[in-house]
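Let me begin by presenting the structure, written as structure tokens, before commenting on it.
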Amino acid sequence: MTDIRRSILWVVFGFSMVMLWDNWQLYNGKEPTFFAAPKPAVTAPTNASASAPVAGASAQGLPGASVAPAAASERTTVQSDVLSLTFDSQGASLVGAVLKQHATQLGGAKGQFKPLQLLQTTPESTYVAQSGLTGVGGVNHTTMFQRQPGPTALAEGQNQLQVRYTSVPQNGVVLETIYTIKRGSYVIDVQHVVRNQGTQPVSPQVYEQLVRDDTPAESETPFYQTFTGPAVYTEEKKFQKIHFEDLAKKQAEFQTQSTSGYVAMVQHYFASAWLLPQGLSRTNYARPIGGKLYAVGTLTDLPVVAPGAEQTLNSRLFVGPQDEKNLERIAPGLELVKDYGWVTILAKPLYWLLEKIHALVGNWGWSIVLLVVVIKAAFYWLNAKAYRSMAKMKALSPRITEMRERLKEQPQQMQQEMMRIYREEKVNPLGGCLPIMVQIPVFIALYWVLLSSVEMRNAPWLGWIHDLSSKDPWFILPVIMTATTLFQTALSPLPPDPLQAKLMWFMPLAFSVMFFFFPAGLVLYWITNNSLTIAQQYVINRSMGVKVTFNLPKLR
């Protein structure tokens, strides 16, 4: 049993090292060594359809997604209680968004709060929301607009304000873009009003797109990464992540034609998304546009606009944090921008439970501790069965060691004798492993809940821990975590082989090194889990009369 359990732990350790190396390769802009993304058998063209945009221009006349402001453009900053938004008169584009309630600096000391800049146009980073017309008129995000006079900040007692931009006429077509900003909301209502001032009917198409460079979020490290890039959601295909490298190689696959869903740009903790009304037909597209910039957007047909008439498209633009409860209220499927990967089915109920505990205690650190306690309690009897099996194996350890030494030259007889001892003592060699293996997906899911939840960002616990999403500034928690891991190892019987005994101690030490760079919330979770495991092992060993000893390897 001890050999089997050790083998499983080595497999887990080896797999962790493989994943760590692959993440290091990705972090440094290289191809992954072991888990390269498979090339799809059928490739969806990144221009979405024959009528959809391509880089630079298309048959419908969509321009390249230039983000350089024209010399004559003017920028206006509009303030709400949660957002500071910067609009550019060139294209009436949203070129800046500051999230006032979220700090830029992770783990910063109190009193040094600097709001997070999500959308921006700087020499180092580009992330903007653009819109315009294609097919008629030539009014797009490179066209000059005129901002209509109006307030630029929510007054006390005011719940919303509007920012209106009107384009200069292009071939008799005028586009008015109206942004409505609401108090306490990260959702901006957007109206595109197409007016035909010409003498011929026109058939306009409205495009709405998000443009971003491929720079990873500041919270990414070589040791853990979340998805950064475009995404498309439809009711038919659900959440579809689009990797930047797939767009660059023209190998991206996603649903292009739909009557539901949204397009989004996703990064760790935050996202932006264009949200169209359900039931409205649209074409989704994603494309590289040069200079390491990428666009994801939708193209929507409007009814024919007769001379002197107008048509309106109503949509919404979300720019904000991945607050799961809030995202669920905004639009169907929007909460999926908070990506848990393959453990979503387990992660979502764990997050729900974590949020409920936080509602009671009001501190995310203590909520993590209590959640682990609840999970350990739920698996108590399963763990107890495993630890009882381990205790029996530990009691048999001297007898097994003596037998192995006696029959070390006769491996076949050694195995037969070992199985005889197991039968006589009614011990199942796998009894301590299987119950633990069942729980692994649950704790992996909890890991991703803590890694992905924006609520952990700059959330204090106690004392020196001001931010559960960044590493412990004094490395106190990683040291405690290492100590608990070694304590667990000391409680386990040593293998007869001295080299194996030394390796048994090396594995937890090597694994603990990574935790010096992990967020404090994740380390706190592991400390709590280790401590409860040690306590349960101790109680069960004592109840079965198994002597509790600390087994240390011989260094020589």
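The values are calculated or read from the model by the stated rules, or taken from the named source; none is laboratory data. Here the structure is a predicted model, which is why all the values come from computation and not from measurement. Cβ: placed from backbone, ideal geometry, glycine included. Neighbour counts: every protein chain shown. With ligands, DNA and RNA removed, areas are computed over all heavy atoms of the protein, side chains included. Shrake-Rupley method; radii C 1.70, N 1.55, O 1.52, S 1.80 Å.
Here the 3J(HN,Hα) profile of the stretch 441-448, calculated from phi with Karplus coefficients 6.51, -1.76 and 1.60 at θ = phi - 60°, is x, 5, 6, 5, 4, 5, 4, 6 Hz, Gly and Pro shown as x.
Using 0.36 nm per residue and subtracting the Cα-Cα separation, the extra length available between K292 and K238 on full extension is 16.7 nm. Extending 7 Å from Cα along the Cβ direction at I421 and again at R75 yields two label points whose distance is 7.4 nm. Heavy-atom accessible surface of M437, to the nearest 10 Å², is about 80 Å², with a 1.4 Å probe and all protein chains retained.
A straight chain from Q146 to L486 at 0.36 nm per residue would run longer than the Cα-Cα distance by 115.7 nm. Seen from V174, the other residues with C-beta closer than 11 Å to its C-beta sum to a net charge of -1, counting Lys and Arg as +1 and Asp and Glu as -1.
Given their separation in residues at 0.36 nm each and the Cα-Cα distance between them, E253 and L280 gain 7.5 nm when the chain is fully extended.
The share of Cα pairs per 10 Å bin across the stretch 171-263, counted from zero up to the longest distance, runs 12, 28, 32, 22, 5, 1, 0 percent.
Please report how far the C-alpha centroid of the stretch 328-357 lies from that of the stretch 259-285, rounded to the nearest whole angstrom. What the calculation gives is 18 Å, centre to centre.
Within the set of other residues whose C-beta is less than 14 Å from the C-beta of L302, count the net charge using Lys and Arg as +1 and Asp and Glu as -1.
Charge balance near L302 sits at -2.
Give me the one-decimal nm value for the distance between modelled label points at Q200 and R399, 7 Å along each residue's Cα-to-Cβ direction. Going by the 7 Å Cα→Cβ label model, 9.6 nm. Summing Lys and Arg as +1 and Asp and Glu as -1 over all other residues whose Cβ lies under 15 Å from the Cβ of G362 gives a net charge of -1.
Applying the criteria of a DSSP loop state and at most 15 other Cβ atoms within 10 Å to the GluC sites (Glu not before Pro) of the stretch 176-237 yields E218, E235, E236.
From the Cα gyration tensor of the stretch 270-329, with a ≥ b ≥ c the square roots of its eigenvalues, which class applies: rounded if a/c is under 1.5, or else prolate if a/b is larger than b/c, or else oblate? Note, shape of the stretch 270-329 comes out oblate.
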